[in-house]
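Q: Handing you a structure now.
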Amino acid sequence: MPSLKDLRNRIASVKATRKITKAMQMVAAAKLRRAQEAAVAARPYSQRMSAVLGNLASSMVGQEGAPKLLAGTGSDKTHLLVVATAERGLCGGFNSSIVKIAREHADRLLREGKTVKIMTVGKKGNDSLKRLYGRYIIEAVDFRGVKALDFSHADGVAQKILSRFEAGEFDVATLFFSEFKSVISQKPTALQMIPATVPEGKAPDLAGAIYDAEPDEATILADLLPRNIAVQVFRGLLENAASEQGARMSAMDNATRNAGDMINKLSIKYNRQRQAQITKELIEIISGAEAL
């Protein structure tokens, strides 16, 4: 049984931990607002970009001369998995949920006899995947020294992907990230970037706009498709940033509550043991007095 001193030390230790988790919760709450605003603001642009590309690409699919980023290489033998996670932990299951769907996707491709290559964006994803999938990781990108992500960081990742595609290193590229829903809900998402996906059937709605492409669809797509890769990567990074702060806020709130419950239990145990010790000493004193 622990002594009273041990219990006092443990209570003090848990109280110090509770202060840290409470402070981290407040910091995450402050960062969440800015990250959420950035993620929500980027969604309309990304969606409109996809709509424009879908409208232009609907008339190019299956035709000769279509850009490779749209038509693909004609094969799906080699897949590049771009796994975007956070640089830090202490955010619940945020990182592990993204890694989980990436691992499931990789395992399915390997069972089908495909070749898998992995590019990690974020330290935690690289740390998790390199244990079992280290031989498949061809590049690791991290932003540990970056305080605020901007489009230039996403464009750098996109250029790495495009250069490898132009070199013929893969046929299909899929981005894995976590879409922000709310503070308590983040949805792990897999988005195919190369070749670009075009909605089947009706062309995407562009608010009833009627327009002509100048000079032609192929030339416009040759410029927009590479830019769309950077836009989708940027959106994934912004969604991840908001999801990370939301997950961290929830995780630290739970940790703070658990620390409070532990303090209460330890305090009750300390008081009971202290009372028992005092009662024992009183009995010894009374017994000694009676013996005299």
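The values are calculated or read from the model by the stated rules, or taken from the named source; none is laboratory data. What you are looking at is a predicted structure, and each value in this text was computed from that prediction instead of being measured. As a convention, Cβ positions derive from the backbone with ideal geometry for all residues, glycine included, and neighbour counts pool all protein chains shown. Accessible surface is based on the protein model in full, side chains and every heavy atom, while ligands, DNA and RNA are left aside. Shrake-Rupley method; radii C 1.70, N 1.55, O 1.52, S 1.80 Å.
Q: Going by what's in this entry, would ASP253 be described as under 22 Å from the mean Cα position of the chain (by Cα) and either at pLDDT 90 or above or of a type in the set (Ser, Thr, Tyr) (or both)?
A: The answer is yes for ASP253.
Q: State which residue pairs qualify: first residue within 25 Å of THR85 (Cα to Cα) and inside the stretch 248-260, second residue open to solvent by less than 40 Å² (accessible area, probe 1.4 Å) and among the hydroxyl-bearing types (Ser, Thr, Tyr) in any location, beta carbons under 8 Å apart, and separation of 6 or more residues or different chains.
A: Taking only residues 6 or more apart or on different chains, the pairs are MET252/THR21; ALA255/THR21; THR256/THR21.
Q: Okay, moving on. What helices (runs of 4 or more DSSP H) lie completely within the stretch 1-115 and have 1 or more residues being at pLDDT 80 or above and of a type in the set (S, T, N, Q)?
A: 4-57, 94-111
Q: Restricted to the stretch 89-109, and to residues that are open to solvent by 60 Å² or more (accessible area, probe 1.4 Å) and without any contact (Cβ under 8 Å) to a residue 40 or more places away in the chain, which residue is nearest to the chain's Cα centre (by Cα)?
A: Of everything passing the filter in the stretch 89-109, SER96 is nearest to the chain's Cα centre (by Cα).
Q: Just to be sure, is ILE138 closer than 13 Å to VAL82 by Cβ and not in a helix (DSSP H, G or I)?
A: When the stated conditions are applied, ILE138 passes them.
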